[in-house]
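Chemist: Here's a structure for you.
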Amino acid sequence: MTHSNAFLEFKDALGMAEQLQNIEREKCHNPPRQNELKTVQGLRGGAVILMVAAFENFLRQAFQEHLSELTKHPRVTFNKLPERMRVNCYYLTLERSMKGPPFQEPPPKHQRLEDIDRACRDLISEIVNPTVFCDTGSNPNSKTVKSMFSNIGIQKVFDDIKDIFENQWGHSVSHSFIEDKLDEVINRRHIVAHTANALNITRSDLNESLRFLKILARLLEFELKKQMQLLKS
C-alpha cells in the first residue's frame, strides 16, 4: 500500500522518540542508578510526549490529506456521503467560520464575516471542507479516534481493524485491547506533561508503545483510504 505524506511524516517524527531511547540505552543503566534518575526520566518522558504528539499530528494530517480527495474533480456527489458526514459538514463548517479555529482567541465579529460568507458558499455548492473533520481536541485517545472516524461514516473503526491488528501484533487480543492500549499510551503522556514524573516508565513500555502506534497508524490510514475509495465510487 502506498502511504500518505501524513504517515511518512509520522514515521519520521517517531524517529525523534527513538533517538531519545537510543541515548538513554547508551548512557544509562537499566534499572537506572541514583545519579541517572533525572536523565532517565527526562529522556523517557520526552520520548512519551514526542510519540503521542507525532500520533496526534498524524491523525490531523491524515484526515486532511485523505478527505481532500473529495474536493478534487470530479467531486463526489454530496448526497452520497454518509448522513452523519453531511450533518457534520454543515454544522462544523458553520461553527468553525463563526467561532474561528479551536483553541484560538476568536477574532472580532466583523473580521469573521468573510469566513462565514465563504463557508456558506461552500455549503450551497456542496463542497466538503476537510479541515472541519480534523480536530483532535488535543487528546488523541480512543474516544477521539472513534468520533473522528464516526464523523466520516466509519462507526466501529477499532472493530474493523482488529483482525489485521492481531496479525501484525503477533497474537490474539481482547475485544477492547486496541482502545485500552491507546488510552494507556495517551494517559502516560498526560502524567508526564502535567506532573513532570516519568519514574514509572520502563524501556519495555516505550518499545511496546512505539510498536503499537506504528501498527495503529498504518491500519487507521488503510481505513481512511478504503473509505475515500468507497465514497468516490
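The values are calculated or read from the model by the stated rules, or taken from the named source; none is laboratory data. Every value quoted in this text rests on a predicted model; they were computed, and no experiment measured them. Backbone-built Cβ (ideal geometry, glycine too); neighbour counts: all protein chains shown. Remember, those area values only see protein heavy atoms, side chains included, never the ligands or the DNA or RNA. Shrake-Rupley method; radii C 1.70, N 1.55, O 1.52, S 1.80 Å.
Chemist: Region 123-233: Rg/Rh from Cα coordinates, Kirkwood Rh?
Modeler: 1.03
Chemist: Hey, another quick one. So if I place +1 on the C-beta of Lys and Arg and -1 on the C-beta of Asp and Glu, and nothing else carries charge, what would the dipole magnitude of the chain be about its Cα centre? I want it in debye, nearest 20.
Modeler: 120
Chemist: Restricting everything to alpha-carbon atoms, can you work out Rg to Rh for the chain with a Kirkwood hydrodynamic radius?
Modeler: Across the chain, the Cα-based Rg/Rh ratio is 1.03.
Chemist: Let me ask something additional. Heavy-atom accessible area of residue 93 with all protein chains present, probe 1.4 Å, nearest 10 Å²?
Modeler: We get 10 Å² for residue 93.
Chemist: I would also like to ask the following. Please report the carbon-and-sulfur percent of the accessible area for the chain; probe 1.4 Å, protein heavy atoms only, DNA, RNA and ligands left out. Please list the in-between numbers first.
Modeler: On the way: 6440 of 12840 Å².
Answer for the chain is 50 percent, counting heavy atoms of protein chains only.
Chemist: By how many degrees, between 0 and 90 and to the nearest 10, does the Cα long axis of helix 83-99 differ from the longest principal axis of the chain?
Modeler: Helix 83-99 sits roughly 90 degrees off the main axis of the chain.
Chemist: Additional query: Return a whole-number percent for the relative contact order of the chain, with Cα pairs under 8 Å and 6 or more residues apart as the contact set.
Modeler: Relative contact order, the chain: 29 percent.
Chemist: Toward the positive end of the charge dipole of the chain, about the Cα centre and with charges on Cβ (Lys, Arg +1; Asp, Glu -1), which of 161, 107, 191 goes farthest?
Modeler: Ranked along the dipole, the leading option is 107.
Chemist: Would you compute, from DSSP H runs of 4+ residues alone, the mean residue ellipticity of the chain at 222 nm, taking -39500 (n - 2.57) per run and dividing by the full residue count, rounded to the nearest 500?
Modeler: -23500 deg cm²/dmol
Chemist: Still on this structure, please answer the following. Would you kindly work out the equivalent ellipsoid of region 190-233 from its C-alpha gyration tensor and give its semi-axes, the square roots of five times the eigenvalues, largest first in whole Å?
Modeler: 35, 13, 4
Chemist: So what's the convex hull volume per residue for the Cα atoms of region 55-191, in Å³?
Modeler: 122
Chemist: Along the Cα→Cβ direction, 7 angstrom out, place labels at residue 156 and residue 173. What is the inter-label distance in nm?
Modeler: Rounded to a tenth, the inter-label distance reads 1.7 nm.
Chemist: Report the Cα centroid-to-centroid distance between region 105-138 and region 177-196 in angstrom, as an integer.
Modeler: Spelled out, the Cα-based centre of one part sits 32 Å from the other.
Chemist: Tell me, what is the percent relative contact order of region 76-207, built from C-alpha pairs under 8 Å that lie six or more residues apart?
Modeler: 21
Chemist: Take the cross-link list 146/181; 99/232; 11/38 and give me the ones stretching past 19 Å between alpha-carbons.
Modeler: Beyond 19 Å between Cα atoms: 99/232; 11/38.
Chemist: Quick one: accessible area per residue over the chain, 1.4 Å probe, rounded to a whole number of Å²?
Modeler: That works out to 55 Å² per residue.
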